[in-house]
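Every number in this text was worked out from the coordinates using simple rules, so none of it is lab data. Computed from a predicted structure; not experimentally measured. Cβ atoms come from the backbone with ideal geometry, glycine included; neighbour counts cover every protein chain shown.
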Amino acid sequence: MRAWNLIKIYTVLVYIFMFAPVAVVLLLAFNSSQFGGFPIEGFSLRWFAKLFENEAIMRAFETSLILGVLTAFFATTLGILASLALVRYKVPGKEWITTLLISPVLVPETVLAVGLLIFLRWLSMPRSFAVLLLGHTMIALPFVVLVVQARLVGIRKEYEEAARSLGANPLQTFFQVTLPLLMPAVFAGALFAFTISFDNITATIFWRPAGSETVPTQIFGMLRNSVSPEINALGFVMIVITVGVPLMAGGLARYFARKR
Amino acid sequence: MAKATAFDPRPWYLLSPALLAIAFLVIAPICFILVYSFYINVDLGVDEVAFQFGNWQDLLTDSYYHNAIWKTFRMAVIVTVLAAFLGYIPAYFIAHTNFRRKWLLLLLLILPFWVSFIIRTMSWIHIMGNQGAINGVLIWLGLTDEPISMMYNEFAVIVGFIHVFLPYMILNVYVSLEGIDRNLEPAARTLGCTPWQAFREVTLPLSLPGLAAGSLLVFVLTAGSYVTPIILGGPNDFLFGNLIYDAVVSELNWPMGATLSFTLLFLLGIVVVIYSRFMGLNQLYKALS
């Protein structure tokens, strides 16, 4: 049992290691000091006010949000279609196709980023928002495919066959039977894709159109000088969005599931 | 396999958008990387179509590049080994605990994936920097007058990497530990094993697939990074990815950027192939979803 206690303490320490730095950012966001670090001089919301007055950051926020939502939409749509084909039909070379769909995870992101840029260069196309969107969609696609596929395997084919035999056409069957059953995975996949896009920096630095920033690249640029207190406030807002929204969605889903 | 079944085009309609996207956004670009690596860089952002091996010759003869490859390999190995040691025990705890709120521990493990990578990396400046928490405590305790410099060196980069990649390791090991029959360890104990022996000869070997999948992910992700060294490292703490970043973003030397990118892809490709020979990629898919 002594060994077990050691394991317990060790685990707690690892969890502290994972969360203490994040907690410090959340804490420092409310520091009234004009420097981004310690010591804490007092409680203040002024850095949040400063944040909302900063036009560059607000513009980056808008770009990131739109990009994230569109990425979630496209990646989820492509992912559902591909998963349906792979799970519901006999496709020759299924293993190969799956590996191909997963390939963006296996190739280092830096290589993906440079490759797409070189391809664009060969096509003489400038970098644009559309390129960024396509790129993010590709990076998010594997995760959506894996999540949706896992769920689809668990939905019995009999439901769809019953709908078909009762006279529904394939589209009706999909929208009225398969999709509602698939909804949890669709939400999870979309949320996943949004977070991946909202958080991406490695490839985005390469792909962003000239003069355009997303929140992570904006922070990256600001870090070059020093850690300004504004970045802490921005970090706070980002964490609330990317952690708070999924947690709330999950919590609400549980709440409603219990009510029913 | 019945040969008589006619070709069914329907799945291909469904697959075509995703496959087209992969073809144009992954396959074609990688081919172009290879083609561009033979071009000549004339000036800033200007290159000439050619078929010559100048870039490859530079890569193979210039010790600057060899040094970067070695440094990257070393860093990836250090981060992977440390992540394995740090991550195995928590995974074991989560898998074996009787704690009623186990779901909370798992949720906390997934939570970091949702916290922005750049914020998590930056947060170490608040911990180890001159105005960071550690120096703040040391000065407050009167142990030192001047802040101790801990940032912008290799150690800070290692810490930053482990912080970001550790959850991958823990999750992979956990998935694999969770799949082991709970009766095996007690069985080994009744047959006379000490607890440590039972762990070493039963549980550890059975959890190796998860440990291997986690290690592969951490290794490949570390070796392909360039952002963490820029934020947490000093001028000498660059990785191979930083050379690519410099070539493409700063020097606009596309042919060399292409050569370096293809090299990185090739070297990490070897690692993935070796892994999949022994383990297969299924374990990886399982962990990713």
Calculate, in nm to one decimal, what residue B:181 and residue B:81 gain on full extension: separation in residues at 0.36 nm each, minus their alpha carbon distance. 33.3 nm
Tell me the relative contact order for the stretch A:109-254 as a rounded percent, counting alpha carbon contacts under 8 Å between residues six or more apart. 34
Would you calculate a helix-derived [θ] at 222 nm for chain B, using -39,500 (n - 2.57) for each DSSP H run of n ≥ 4 and dividing by the full residue count, to the nearest 500? -22000 deg cm²/dmol
What percent do you get for the relative contact order of the stretch B:163-272 when only Cα pairs under 8 Å and 6+ apart count? 24
Classified through the alpha carbon gyration tensor (a ≥ b ≥ c as square roots of its eigenvalues; rounded if a/c is under 1.5, else prolate when a/b is larger than b/c, else oblate), the protein assembly as shown comes out rounded
At residue A:171 and residue A:226, where each label point lies 7 Å from the Cα along Cα→Cβ, what is the point-to-point distance in nanometres? 6.2
Is there a quick way to get the dipole size of the stretch A:1-129? I mean about its Cα centre, with the Cβ of Lys and Arg at +1 and of Asp and Glu at -1; what is the value in debye to the nearest 20? 440
Please give the residues of the stretch A:1-38, grouped as numeric ranges, whose backbone N is less than 19 Å from a label point set 7 Å along the Cα-to-Cβ vector of residue B:196. A:1-10
Only helices counted: for chain A, with every DSSP H run of 4 or more residues adding -39500 (n - 2.57) and the sum spread over all residues, [θ] at 222 nm is -24500 deg cm²/dmol
Mean Cα-pair separation over length for chain B, i.e. relative contact order, pairs under 8 Å, 6 or more apart, %: 27
Residue A:45 versus residue A:62: modelled label distance in nm, points set 7 Å from Cα along the beta carbon direction: 2.4
Which of the three applies to chain B, rounded, prolate or oblate, going by the alpha-carbon gyration tensor with a ≥ b ≥ c and a/c under 1.5 meaning rounded? oblate
Charge-dipole axis of the protein assembly as shown as Lys and Arg at +1 and Asp and Glu at -1 on Cβ define it, positive-most pick from B:98, A:11, B:196: B:98
The size of the Cβ-based charge dipole (Lys, Arg +1; Asp, Glu -1) of chain A about the Cα centre, to the nearest 20 debye, is 780
When Lys and Arg each count +1 and Asp and Glu each count -1, what net charge do the other residues less than 14 Å away from residue A:65, Cβ to Cβ, add up to? -2
Please compute the net charge surrounding residue A:182, taking Lys and Arg as +1 and Asp and Glu as -1 over other residues with Cβ under 15 Å from its Cβ. +3
Would you work out the Kirkwood radius for the stretch B:143-289? I mean one over the mean of 1/r across all pairs of different Cα atoms, in Å. 18.3
If you look for lysine pairs in the protein assembly as shown that are eight or more places apart or on different chains, how many of them have Cα atoms under 24 Å apart? 10
If R0 = 30 Å, then residue A:3 and residue B:100, at their Cβ-Cβ distance, give a FRET efficiency to the nearest 0.05 of 0.85
Once the dipole of the stretch A:55-259 is set up with Lys and Arg at +1 and Asp and Glu at -1 on Cβ about the Cα centre, which of A:162, A:122, A:108 lies farthest towards its positive end? A:162
Just for the Cα atoms in the stretch B:43-169, what are the lengths along the principal axes, largest first, rounded to whole Å? 65, 45, 25
Inter-probe distance in nm under a simple model that places probes 7 Å from Cα toward Cβ, at residue B:274 and residue B:16: 4.2
Tell me, what are the semi-axes, in whole angstrom and largest first, of the equivalent ellipsoid of the stretch A:55-259 as set by the roots of 5 times the Cα gyration tensor eigenvalues? 35, 23, 13
Could you point to the residue in B:171, B:25, B:244 farthest towards the positive end of chain B's charge dipole, with +1 and -1 charges on the Cβ of Lys/Arg and Asp/Glu respectively? B:171
Taking 2.2 N^0.38 Å as the expected size of a compact globular protein, what ratio does the Cα radius of gyration of the stretch A:98-187 give against it, to two decimals? 1.51
Assign unit charges at the C-beta atoms only (+1 for Lys and Arg, -1 for Asp and Glu), then state the dipole size of the protein assembly as shown relative to its Cα centre in Debye, rounded to the nearest 20. 2360
Who wins for biggest fluctuation among A:108, A:142, A:39 in a Gaussian network model of chain A, springs between alpha carbons below 10 Å? A:39
Tally Lys and Arg at +1 and Asp and Glu at -1 over the other residues with C-beta under 15 Å from the C-beta of residue A:88: what net charge comes out? +3
Between B:204, B:143, B:86, where does the largest GNM mean-square fluctuation fall for chain B, given springs only between Cα atoms within less than 10 Å? B:143
